[in-house]
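Following: one structure in structure tokens, then a few remarks.
Here, each number is a calculation from the coordinates, and none is a lab measurement. This is a predicted model, so every value here is computed, not measured. FYI the Cβ positions are ideal-geometry reconstructions off the backbone, even for glycines, and counts take in every protein chain you see.
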Amino acid sequence: MIIKVCGMREPDNIRAVEQLGTDWMGFILYDRSPRFVSRTPEYLPVSCRRVGVFVNATPAYLYNKVKELRLDIVQLHGHESPSLCAELRQYGLTVVKAFPVESEKDLELTVPYEHCCDYFLFDKRVSTFGGSGQSFPWNVLDAYQASVPFLLSGGLSPDSLAALRMFHHPRWAGIDLNSCFETAPGVKDIEALRHFIRSFRDSTL
């Protein structure tokens, strides 16, 4: 099960989260986010995959950041087209397309992307782009029948362990942790993450 910690920015915090055994680490490259990475951090992880989080970025900006941060994965939260997703995959990147979900009907939006994305990420539907820090009704995903694996996002917190233990889906591939594990925007609570990651891994073995 993939554990992704997103919204990273500070070098010492990046290093500490990496040492927890995180699989993916996310860097938000959207200037309206309070976790926006405005310059390349002095330290970048080497033992986990680097994820760049974009919202309606121009291809030039996107490819520039891929090279600058040596990204392995791009996570797209805007209105990016299936053709762009396919192009990014041809470039050699893993592509994650995020979808806001509130009802089964929202899952229909994934259909054009089924053949050009490696993963989907399901988050709560809100009026703005990017993560919400809020949860959505996971039972909606019972209707998800596509072959693309997905990550759960939106409001996952230290109190989510019991619900995660109860959640099952054949395409569930991982979780995305962010604002509910912070002491300030872009600064993760290492002890809270350490306990959560250990407990989550124990429960999914």
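Taking the helices alone, the chain has a mean residue ellipticity at 222 nm of -7000 deg cm²/dmol, built from -39,500 (n - 2.57) per DSSP H run of at least 4 residues and averaged over all its residues.
Applying D = kT/(6 pi eta Rh) to the stretch 1-99, where Rh is the Kirkwood radius over alpha-carbon pairs, T corresponds to 25 °C and eta to 0.890 mPa s, the Stokes-Einstein value obtained is 181 µm²/s. Based on C-alpha pairs under 8 angstrom that are at least 6 apart in sequence, the stretch 2-204 has a relative contact order of 20 percent.
Remark on the chain: C6, C48, C117, C180 stand apart, with no other cysteine beta carbon under 4.7 Å.
In units of the compact-protein estimate 2.2 N^0.38 Å, the chain shows a Cα radius of gyration of 0.95.
Each residue of the stretch 168-182 is assigned a 3J(HN,Hα), and the resulting list reads 9, 7, x, 9, 6, 10, x, 10, 10, 10, 8, 5, 6, 10, 10 Hz, derived from the Karplus form 6.51 cos²θ - 1.76 cosθ + 1.60 (θ = phi - 60°), x at Gly and Pro.
Extents of the stretch 84-183, taken as max minus min of Cα coordinates on every principal axis and listed largest first, are 39, 31, 26 Å.
Here the label points at Y43 and H115, each 7 Å from Cα along the C-beta direction, are separated by 4.5 nm in the simple model. Counted by Cβ distance under 14 Å from F200, the other residues give a net charge of +1, where Lys and Arg count +1 and Asp and Glu count -1.
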